[in-house]
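First the structure, in the form of structure tokens, and then the observations on it.
The values are calculated or read from the model by the stated rules, or taken from the named source; none is laboratory data. It should be emphasised that the depicted structure is a prediction, and the values quoted were computed from it without experimental measurement. Glycine gets a Cβ as well: all are built from the backbone with ideal geometry, and neighbour counts include every protein chain shown. Calculation scope for accessible area: heavy atoms of the full protein, side chains included, ligands and nucleic acids excluded. Shrake-Rupley method; radii C 1.70, N 1.55, O 1.52, S 1.80 Å.
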Amino acid sequence: AHGILGMGTELTLFDPETNERVNAIDYICNGGQVRGMRFIPTPHGLDVQNGPMFVGQGHVDQFVAEMVQVGLPVDRKFIVDGKEYTFLDFIRQAQARVRVTADQELSWSIVAIGQCLGTDINWTNSFGEALKFEDLVRYELDQDVEQAACGGTHRLFGLFWVYQLHLRNGGQEIGVWKEVADKMAKYQNMARELQNPDGSFSTDSFRGLGNDRDMKLRISTTGHILEWLALSMTDAQLQEPWVQHAANALALMILEIQDSPMEGGTLYHAVHALRLYAARQAG
């Protein structure tokens with residue numbers, strides 16, 4: 001999923017049984033087996049196994065949210081255990097599971113549900129709890145950023161994704177949505193204040209200054225922060241020298257260690273950041 005997010009829907013995988021390369025999304029949707037990705041039928045739809053590391057996804061609804069980001073349609077068919085489902089079945093499972101009365105990580109869930117079902121919906125989850133979409137946004141907004149996954153960048157990314165959906169659907173910047181906008185501005189300023197002289201972002205993310213020399217850590221933190229900035233900043237802000245400096249620094253760091261093995265989340269979020277940035281620059 002990280003590879004598809006980073007490289008787009010054209011990503012191919014090597015199939016050792018046929019010694020041929022296949023389109024990754026087609027292979028997965030047609031029932032192909034990929035280590036670290038297991039789909040599980042539920043009474044509500046389809047789920048994706050979480051953990052352990054390298055055996056299941058790292059975060060609830062991560063796969064689904066990443067497929068949303070690359071534009072997978074809700075009617076895309078999936079074959080699981082010989083039975084036909086659609087991508088919407090993953091969304092229905094997410095909708096049934098989410099709640100605001102227990103400790104859950106909703107950063108990916110809000111992207112999946114908001115994109116596919118709307119930001120103004122109401123429903124009852126599988127626990128019998130009445131929800132409206134803004135309840136999920138409020139829950140995420142009130143969670144800690146600095147201690148969240150990947151320095152809080154996924155939480156910020158998810159919040160902005162649904163914020164722009166809300167505005168595009170005719171929503172107003174009031175209430176919880178105004179608070180989302182304020183939080184984006186706060187952390188954009190923090191990213192700039194904590195930026196290192198070479199253009200990279202703090203290796204301690206938003207927790208404070210950090211200039212660790214571990215290149216993979218530098219790529220991870222700079223990539224994750226730039227990925228969110230490339231989504232959340234205005235066209236004019238993306239033209240500011242400090243943002244361009246960060247994009248240049250990230251590209252140079254990847255080139256510097258291009259022959260070294262790298263964890264998928266580190267590499268592909270960084271690549272996704274540069275693709276988003278380039279796309280925004282191109283209009």
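Please arrange Thr42, Thr124 by accessible surface area, largest first, computed with a 1.4 Å probe and ligands excluded.
Output order, biggest surface exposure first: Thr124, Thr42.
Find the centroid of the Cα atoms in the range 228-268 and in the range 105-167, then give the distance between the two in whole Å.
Answer, in whole Å: 25.
Just to confirm, what accessible area per residue do you get for the range 1-152 at 1.4 Å probe, in whole Å²?
Value returned for the range 1-152: 48 Å² of accessible area per residue.
Expected output is a single nm value to one decimal: the length gained when fully extending between Thr124 and Gln33, i.e. 0.36 nm times separation in residues minus the C-alpha distance. What is it?
Length difference between fully extended and current span is 29.4 nm.
When we measure straight from the Cα of Lys186, which aspartates and glutamates land under 14 angstrom away, once same-chain ones fewer than 8 places off are left out?
Asp144, Glu146
I'd like the carbon and sulfur percentage of the solvent accessible area for the chain, probe radius 1.4 Å, heavy atoms only, ligands and nucleic acids excluded.
Here carbon and sulfur together make up 50 percent of the probe-accessible area.
Rule-of-thumb check for the range 1-60: C-alpha Rg over 2.2 N^0.38 Å?
So the range 1-60 has a normalised radius of gyration of 1.20.
With every protein chain in place, what's the accessible area of Ile40 (1.4 Å probe, Å², nearest 10)?
Using a 1.4 Å probe on the heavy atoms, I get roughly 50 Å².
List the chymotrypsin sites (Phe, Trp or Tyr not before Pro) in the range 77-129 that DSSP assigns to loop (not H, G, I, E or B) and whose Cβ has at most 16 other Cβ atoms within 10 Å. Which are they?
Phe127
Taking amide H positions as placed 1.01 Å from N in the peptide plane, with prolines and chain starts having none, which residues 5 or more places from Val80, or on another chain, fall under 5 Å of its amide H?
The list, which skips near neighbours in sequence, is Tyr85.
Given the -39500 (n - 2.57) contribution per DSSP H run of 4+ residues, what per-residue ellipticity at 222 nm results for the chain, rounded to the nearest 500 deg cm²/dmol?
So the calculated ellipticity at 222 nm is -15500 deg cm²/dmol.
What FRET efficiency comes out for the pair Asn23/Val80, r = Cβ-Cβ distance, R0 = 25 Å, nearest 0.05?
The pair Asn23/Val80 has a calculated efficiency of 0.85.
Would you mind getting the accessible area per residue of the range 161-261, heavy atoms of the protein chains only, 1.4 Å probe, in Å²?
48 Å²
Could you please put Tyr268, Tyr187 in sequence from largest to smallest accessible area, using a 1.4 Å probe?
Most to least solvent-accessible, the answer reads Tyr268, Tyr187.
Could you give each residue of the range 10-15 its phi-based ³J(HN,Hα) in whole Hz, using Karplus coefficients 6.51, -1.76, 1.60 with θ = phi - 60°, and x for Gly or Pro?
7, 4, 10, 10, 8, 9
Any idea what diffusion coefficient the chain gets from Stokes-Einstein, in µm²/s, Kirkwood Rh on alpha carbon pairs, 4 °C, 1.567 mPa s?
Once the numbers are plugged in, D ends up at 66 µm²/s.
May I ask you to list the lysines whose Cα is less than 27 Å away from that of Lys183, ignoring any residue fewer than eight positions away on the same chain?
Within reach: Lys132.
As a test of reading the structure, rank Arg76, Arg92, Arg168, Arg97 by solvent-accessible area (1.4 Å probe, protein chains only), most first.
I get Arg168, Arg92, Arg76, Arg97, largest accessible area first.
For the range 178-235, what Kirkwood radius comes out of the mean inverse Cα-Cα distance, in Å?
One over the average 1/r among Cα pairs gives 11.6 Å for the range 178-235.
Calculate, in nm to one decimal, what Val176 and Asp144 gain on full extension: separation in residues at 0.36 nm each, minus their alpha carbon distance.
Separation in residues times 0.36 nm, less the Cα-Cα distance, equals 9.9 nm.
Can you pull the percent of Cα pairs in the range 147-283 with separation above 19 Å?
Summing the P(r) of the range 147-283 above 19 Å gives 48 percent of all pairs.
Projected area of the range 29-92, taken from the Cα convex hull and averaged over every viewing direction, in nm²?
4.1 nm²
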